[in-house]
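In what follows, a single structure is set out as structure tokens and then discussed.
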């Protein structure tokens with residue numbers, strides 16, 4: 001049987017910190033349309049994600065997926081590294 005992961009959100013963002021062991025902080029940018037003015041506003045959120053092999057570095061573009069709570073603030077896991085920083 002194939003597993004259906006449609007209920008889990010997948011986000012793409014940039015790693016801004018990798019100082020914690022097995023944890024990365026990912027900044028995700030989204031564009032939201034202002035309801036009255038109609039112009040697009042850039043919104044940024046930071047998510048803590050589980051990186052079991054400590055393979056990410058600052059500046060990497062990564063894909064994270066929603067998961068069960070892993071600690072007090074970690075609810076995301078590293079899915080894959082889209083692009084490594086130079």
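When you go through (1) surrounded by fewer than 16 Cβ atoms within 10 Å (Cβ to Cβ); (2) at pLDDT 95 or above one by one for residue 75, which number turns out not to apply?
Of the numbered conditions (1) surrounded by fewer than 16 Cβ atoms within 10 Å (Cβ to Cβ); (2) at pLDDT 95 or above, the odd one out for residue 75 is (1).
When you check residue 22 against the structure, is it surrounded by 11 or more Cβ atoms within 10 Å (Cβ to Cβ), at pLDDT below 95 and either under 17 Å from residue 82 (Cβ atoms) or in contact with a strand residue (DSSP E or B) (Cβ under 7 Å, 6 or more places away or on another chain) (or both), yes or no?
Working: surrounded by 11 or more Cβ atoms within 10 Å (Cβ to Cβ): yes; at pLDDT below 95: no; either under 17 Å from residue 82 (Cβ atoms) or in contact with a strand residue (DSSP E or B) (Cβ under 7 Å, 6 or more places away or on another chain) (or both): yes.
No.
Go through (1) free of Cβ contacts under 8 Å to residues at least 60 places away in the same chain; (2) surrounded by 10 or more Cβ atoms within 10 Å (Cβ to Cβ); (3) in contact with a strand residue (DSSP E or B) (Cβ under 6 Å, 6 or more places away or on another chain); (4) over 11 Å from residue 12 (Cα atoms) and name the single condition residue 34 misses.
Exception for residue 34: condition (2).
Could you tell me which numbered condition residue 15 fails, if it satisfies all but one of (1) surrounded by 12 or more Cβ atoms within 10 Å (Cβ to Cβ); (2) outside any strand (DSSP E or B); (3) within 15 Å of the chain's Cα centre (by Cα)?
Of the numbered conditions (1) surrounded by 12 or more Cβ atoms within 10 Å (Cβ to Cβ); (2) outside any strand (DSSP E or B); (3) within 15 Å of the chain's Cα centre (by Cα), the odd one out for residue 15 is (2).
Output the number of residues of segment 37-70 satisfying the condition of being closer than 18 Å to residue 16 by Cβ and either touching a residue at least 24 places away in the same chain (Cβ under 8 Å) or more than 15 Å from the chain's Cα centre (by Cα) (or both). Please lay out each step first, then the result.
Start the filter on segment 37-70 by keeping residues that are closer than 18 Å to residue 16 by Cβ, which leaves 42-51, 54-64.
Restricting the remaining residues to those that are either touching a residue at least 24 places away in the same chain (Cβ under 8 Å) or more than 15 Å from the chain's Cα centre (by Cα) (or both) gives 42, 46-51, 54-64.
Here the count works out to 18.
The values are calculated or read from the model by the stated rules, or taken from the named source; none is laboratory data. Nothing here was measured: the structure is a model prediction, and the numbers come from that model. As a convention, Cβ positions derive from the backbone with ideal geometry for all residues, glycine included, and neighbour counts pool all protein chains shown.
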